[in-house]
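So the structure is just underneath, and the comments pick up after that.
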Amino acid sequence: MSEPERGRRAERKRVTRAALHRAALEIAHDEGVAAATVERVAERAGVSPRTFFNYFATKDDALSGVDPDLPAALAQALRERPQDEPLRDSLRAVLVDRMATATREPQMWRMRAVVARESPSISVAVLGAGAQTARALADAAYAREGVDPADDIAPAVAVFTALGAVRAAIWTYGQRGFEGEIEPLVRECFEISGL
């Protein structure tokens, strides 16, 4: 498969995954979580139930919208930052960039918040994904810094402080009704945290 074909295929997969996530959220938001069956979600997204399972293992996965590729992508982005850049600056750049693209659809954030309040399992899925992201970023930070986790706690502190700043920004964004852009909040939280 050529590089352009791989790019088109990846984009189609991204669009289908997003359509399934949106369909699940819309149904759950409008009619309740129980109404968001795999069959109804697939139908609304214009795919078969079999295709649904190519993207999500469960309905809860579709509702949470957790991207299984995100931890590896963030870790790769961190590894690709300039080697002479301080780790905290690299973490800030990677996470601010990610959050800037994550809030293009505030309506999705609002629906996700409503659905998560109704179904705690959605929040659990998101927390689990956060733990995977933390692990991937910590591994990348230690590899980048060339130090052993048993001997140096500094990379772990940088990673977990950065992720804490992002979580604080997301929480504040929700308190503000998911209005506007989250990027300035992320930057402010990084400043307050000292990153």
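Here ALA113, ALA73 are screened, and the one residue that is open to solvent by 30 Å² or more (accessible area, probe 1.4 Å) and assigned to a helix (DSSP H, G or I) is ALA73.
Within the option set VAL47, VAL96, VAL126, being within 21 Å of GLY174 (Cα to Cα), at pLDDT 80 or above and not basic (Lys, Arg) holds for one residue only, VAL96. Only one of these conditions is not met by ARG9: (1) at pLDDT 90 or above; (2) open to solvent by 20 Å² or more (accessible area, probe 1.4 Å); (3) not in a loop (DSSP other than H, G, I, E, B). Which number is it? Every condition holds for ARG9 apart from (1). The single residue among ALA143, ALA156, ALA150, ALA162 that is over 14 Å from the mean Cα position of the chain (by Cα), among the small types (Gly, Ala, Ser) and open to solvent by 80 Å² or more (accessible area, probe 1.4 Å) turns out to be ALA150. The residues of the range 12-33 that are within 21 Å of GLN107 (Cα to Cα) and open to solvent by 70 Å² or more (accessible area, probe 1.4 Å), listed by number, are ARG14, VAL15, HIS29, ASP30, GLU31. Of all the listed residues (ARG135, ARG98), the sole one being farther than 25 Å from GLY32 by Cβ, free of Cβ contacts under 8 Å to residues at least 40 places away in the same chain, surrounded by fewer than 20 Cβ atoms within 10 Å (Cβ to Cβ) and basic (Lys, Arg) is ARG98. Inclusion of ARG88 among residues that are part of a helix (DSSP H, G or I), surrounded by fewer than 17 Cβ atoms within 10 Å (Cβ to Cβ) and over 17 Å from the mean Cα position of the chain (by Cα) is not warranted.
Scan the range 31-46 and report the pairs whose first residue is on the phi < 0 side of the Ramachandran plot and whose second residue is aromatic (Phe, Trp, Tyr) and open to solvent by less than 70 Å² (accessible area, probe 1.4 Å), with Cβ atoms within less than 8 Å and a gap of 6+ or a chain change. These pairs meet every condition: VAL38/PHE52; VAL41/PHE52; ALA42/PHE52; ALA45/PHE52.
The values are calculated or read from the model by the stated rules, or taken from the named source; none is laboratory data. Predicted, not measured: the structure shown is a model, and the values here were computed from it. Neighbour counts are summed over all protein chains in view; Cβ atoms, including those assigned to glycine, are modelled from backbone coordinates with ideal geometry. Heavy atoms of the whole protein, side chains included, go into the accessibility calculation; ligands, DNA and RNA do not. Shrake-Rupley method; radii C 1.70, N 1.55, O 1.52, S 1.80 Å.
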